[in-house]
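These notes are about the structure you will find just below.
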Amino acid sequence: MDLLDLVRDHQSTGRALLFRLMGATDPEVSGDGSWVTTGSGARYLDLGSFSVFLLGHGRAEVVEAVTRQSTRLSGATRTLPNAENARAAADLATSAPSGLDKVMLLNSGAEAVEAAIKLARARTGRVPLAHLAGSFHGKTVGALSLTDATLFRDGLGPLLPEVVRLPRDDAHGAAEMIRRHRPAAVFAEPVQGEGGVHPLAPEYGAALREACSEAGSLLVFDEIQCGLGRCGSFWAHDDLGVRPDVLLSGKALGGGVIPVSALIATEDAFQPYDRDPLLHTSTFGGNPLAAAALTATLKVLAAEDVPGLARTAGARLEEILADLVSTWPRLFVKVTGRGALLGLHGTQPDVAGEMMRAALAEGLLLTPCLTAPSILRFTPSAFIGAQELAFVAAKLHAAARRTQRELD
């Protein structure tokens, strides 16, 4: 049976149709660095994959760490203490901002958001929550309540009650709403991803911090996509000059090898989970394989200066995208973002979809912004090289040419 027939019959009819419309019928079978190889032997340079492959595909140190661990203990009893889990948590706390010493290891970004929602309500005794316009925090019911996307919310209510939407570009207005509603927590992405790749301004971060402190609300920075060096500093909020009460990490945290996420918090914010270790648990969270991947990933991030690499690669990619905007003004209007998290804004929603399909034909893998469909999101490996970036430049222009013809 054809692979896409299996997808249609046993996964999703819509997914199978999307693959066919995109011309994505050749399955991926291996990955190495910035490249993915398909069953037919075709190679694609990966500029997307939802920010998972910051270290590239198949990063040797992470693969080796996971392989070694798999020969000793691949799962955890949850009855005995686990050294890999404890060391991974300690390593992550050491990499976090000063004072964020408590760590809960989980599996996915949405799971980390759910854990943060529960923690905030348990710590403050309050129900309301707040998020920013353009936010994306996941698709589980709790996380979806904080995700500013009618596309994913319509028909699924009621979601969590008393959720406040804060303006993204009005620091004073957002602060006043926090003081008025006194939410249990304010969730914010220092650099928004799915919502169109928008970095927060330092004055906005300062306003959030001050208002949360006055209102007794926890400030939660969701760095599941933008953290770990992707935006040019180890934590994306470093440029904001403020410290959150809770920090969320994921996606690249497992080195592109094993799913792993984390909630990192101050001792004060973490009190409910400190008192009751059964208040929020995860059967597979921080399992030995995930812990090994996390520890190895942190070593690579430090040894290779991944934030510096992301700044350099991102600067060159931003030049390439700016040239694309200049050359194809009927297709693109601007570039936003920071480091190796960039958004290419199309003139209309059709542009992004057509550009993705054209880029695939040219050997590039692109990813859209799910809640801002006119914007393409670029999240390359920090280790992408100069020759690969030259390939990107040539192929993006070729894809733009195809797109222009298709839309004319």
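Residue 403 fulfils the conditions (1) in contact with a helix residue (DSSP H, G or I) (Cβ under 6 Å, 6 or more places away or on another chain); (2) of a type in the set (Ser, Thr, Tyr); (3) within 15 Å of residue 198 (Cβ to Cβ) except for a single criterion, (3). Take the residues in segment 115-128 that are outside any helix (DSSP H, G or I) and on the phi < 0 side of the Ramachandran plot, then tell me which one is surrounded by the most Cβ atoms within 10 Å (Cβ to Cβ). The residue in question is 128.
Give me a count of the residues in segment 304-334 that are within 22 Å of the chain's Cα centre (by Cα) and either surrounded by fewer than 20 Cβ atoms within 10 Å (Cβ to Cβ) or under 14 Å from residue 228 (Cα atoms) (or both). The number of residues fulfilling the criteria is 13. From the list 293, 322, 313, the lone residue that is touching a helix residue (DSSP H, G or I) at 6+ places or on another chain (Cβ under 8 Å), at pLDDT 95 or above, assigned to a helix (DSSP H, G or I) and not assigned by TED's automatic domain parsing to the domain that holds residue 65 is 313.
One residue stands out in segment 146-163 among those that are touching a residue at least 24 places away in the same chain (Cβ under 8 Å) and part of a helix (DSSP H, G or I): the one that is surrounded by the most Cβ atoms within 10 Å (Cβ to Cβ), namely 152. For segment 151-191, filtered to residues that are within 20 Å of the chain's Cα centre (by Cα) and β-branched (Val, Ile, Thr), the residue that is nearest to residue 220 (Cα to Cα) is 186. Based on what the data block shows, is residue 212 touching a strand residue (DSSP E or B) at 6+ places or on another chain (Cβ under 9 Å) and either modelled with pLDDT under 95 or within 23 Å of residue 48 (Cβ to Cβ) (or both)? Against the criterion (touching a strand residue (DSSP E or B) at 6+ places or on another chain (Cβ under 9 Å) and either modelled with pLDDT under 95 or within 23 Å of residue 48 (Cβ to Cβ) (or both)), residue 212 does not qualify. Inside segment 351-408, residues that are in a helix (DSSP H, G or I), among the charged types (D, E, K, R) and more than 30 Å from residue 137 (Cβ to Cβ) make up a count of 6. The set of residues in segment 165-180 that are surrounded by fewer than 17 Cβ atoms within 10 Å (Cβ to Cβ) and either more than 20 Å from residue 198 (Cα to Cα) or not small (Gly, Ala, Ser) (or both) comprises 165, 167, 169, 170, 172, 176, 179, 180.
For segment 68-114, residues that are in contact with a helix residue (DSSP H, G or I) (Cβ under 8 Å, 6 or more places away or on another chain), part of a helix (DSSP H, G or I) and over 16 Å from residue 288 (Cβ atoms) total 5. Consider residue 286 carefully, then state whether it is of a type outside the set (Phe, Trp, Tyr), assigned by TED's automatic domain parsing to the domain that holds residue 78 and under 15 Å from the mean Cα position of the chain (by Cα). So residue 286 fails the test.
Taken together, 138, 227, 205, 142 contain a single residue that is assigned by TED's automatic domain parsing to the domain that holds residue 294, modelled with pLDDT of 95 or more and at positive phi, which is 138.
Of all residue pairs spaced 6 or more apart or on separate chains, none has beta-carbon atoms under 6 Å together with a first member in segment 57-68 that is farther than 15 Å from residue 252 by Cβ and crowded, with 17+ Cβ neighbours inside 10 Å and a second member that is modelled with pLDDT under 95 and not basic (Lys, Arg).
The values are calculated or read from the model by the stated rules, or taken from the named source; none is laboratory data. For clarity, every value in this text was computed on a predicted model and none was experimentally measured. Backbone-built Cβ (ideal geometry, glycine too); neighbour counts: all protein chains shown.
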